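In what follows, a single structure is set out as structure tokens and then discussed.
The values are calculated or read from the model by the stated rules, or taken from the named source; none is laboratory data. Note that the coordinates shown come from a computational prediction; the quantities given were computed from them, not determined experimentally. We place every Cβ from the backbone using ideal geometry, glycine too, and count neighbours over all the protein chains shown. Just so you know, the surface numbers come from the protein's heavy atoms only, side chains and all, with ligands and any DNA or RNA stripped out. Shrake-Rupley method; radii C 1.70, N 1.55, O 1.52, S 1.80 Å.
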Amino acid sequence: MKQHTPELAVQQTDNSKLVMLSIYSYCMFVGCYLVYNLAYMTVTACIAASFQIPTEIHYWKTTFNIPLWWWNQPNVIFTFASGPVVCAFIGILSLRLFFVFRKTKNWMRLFFLWGYHHGFNLFFGAYVSGVISRSGFRHASNWAAIPVEIEYFIAIGAIICMFLVGFLSVKFFLQMAISQSILVNHKRNRFITAVVFIPWFVGSLTLIALKTPRITYNEALIFLMMFTSVVPVYIAQRFFYEVSIFKFEKGISVKWGYVIALVLFMFAFRYVLDDGILIRFFPEISLTWINH
């Protein structure tokens, strides 16, 4: 009797490989965004608290417990600019960490690659979204007395920067392939669709559903803005004729630990931040889970 060996894994079809890659990329996209979202809101809340503004972090936004007329130029600029600036810095760090894992088969390289996109989208994309929605990051430039015409000019520059982010990541996404057969020229569009477009599109819908019914117009636009870094991947992939990859001789399968960890993270995100967390630095530093 012939022994059943892992050779069957070698026969894994390209379609099956693309499905597995799409699932991994989706999990990394959603999980990475939630980490960035928490960092964005926490930094914003801490900066506001340093201006003696008690701030609540909810799953849909941060709310400030002061009347509108208590705001002044310094606390508005620093509060609303801090989150995007920190996200951009983490985006640079994520790109550096991607290069650390780039020549391995560790799926963290895909996490950090999405982190690169999320980081810059929460800076450049957040500004464009803020200009459109008249909220969020745009408050910083508005209170800095930047004319509306200049804000639109800056927004156009931010969109161009997002296209550059996408163009610079084309080769990196192609290196996520686990076999050369799925990078054959006529299959590359399918590969990019599976690893980039579907995770962004379905992942954004998942995050919007997670934050429904209180998803803000500004945040919904931020998800949409990432389209400006997804499109260039389709356009520029044809210019990379040869891409070095790390082949997976035995194919890949879903590691359910990733999926379960993501589901638990999403549940905790929604449950804990439903009531919200109150951060204040005066008269003493306190971190309180509201109503608990």
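Things worth noting here:
- Hey, Asn142 out of contact with any Phe, Trp or Tyr (no Cβ under 7 Å at 6 or more places or on another chain) and over 22 Å from Phe89 (Cα atoms) or not: yes
- Phe89 out of contact with any His (no Cβ under 7 Å at 6 or more places or on another chain), open to solvent by 40 Å² or more (accessible area, probe 1.4 Å), modelled with pLDDT under 95 and of a type in the set (Phe, Trp, Tyr): no
- Checking each residue in the range 126-147 for being open to solvent by 60 Å² or more (accessible area, probe 1.4 Å) and assigned to a helix (DSSP H, G or I) picks out Ile132, Asn142, Trp143.
- Only one of the listed residues (Val259, Val243) is modelled with pLDDT of 80 or more and either within 21 Å of Phe172 (Cα to Cα) or not in a strand (DSSP E or B) (or both). That residue is Val259.
- Exactly one residue out of Trp60, Trp70 is surrounded by 16 or more Cβ atoms within 10 Å (Cβ to Cβ) and of a type in the set (Phe, Trp, Tyr): that is Trp60.
- Residues that are assigned to a helix (DSSP H, G or I) and modelled with pLDDT of 85 or more within the range 170-181 comprise Val170, Lys171, Phe172, Phe173, Leu174, listed in sequence order.
- With respect to being surrounded by 19 or more Cβ atoms within 10 Å (Cβ to Cβ) and in a helix (DSSP H, G or I), Phe123 fits the description.
- Selection from the range 277-292 of residues that are more than 15 Å from Ile47 (Cβ to Cβ), open to solvent by 80 Å² or more (accessible area, probe 1.4 Å) and assigned to a loop (DSSP other than H, G, I, E, B): Pro283, Glu284, Asn291, His292
- Phe167 vs. criteria part of a helix (DSSP H, G or I), open to solvent by 10 Å² or more (accessible area, probe 1.4 Å) and among the aromatic types (Phe, Trp, Tyr): yes
- If you go through the range 220-229 and pick out every residue that is within 12 Å of the chain's Cα centre (by Cα) and crowded, with 20+ Cβ neighbours inside 10 Å, you end up with 5.
- Cβ-Cβ under 8 Å pairs, at least 6 apart or on other chains, the range 41-65 side acidic (Asp, Glu), far side in a loop (DSSP other than H, G, I, E, B): Glu56/Asn65; Glu56/Gly276; Glu56/Ile290
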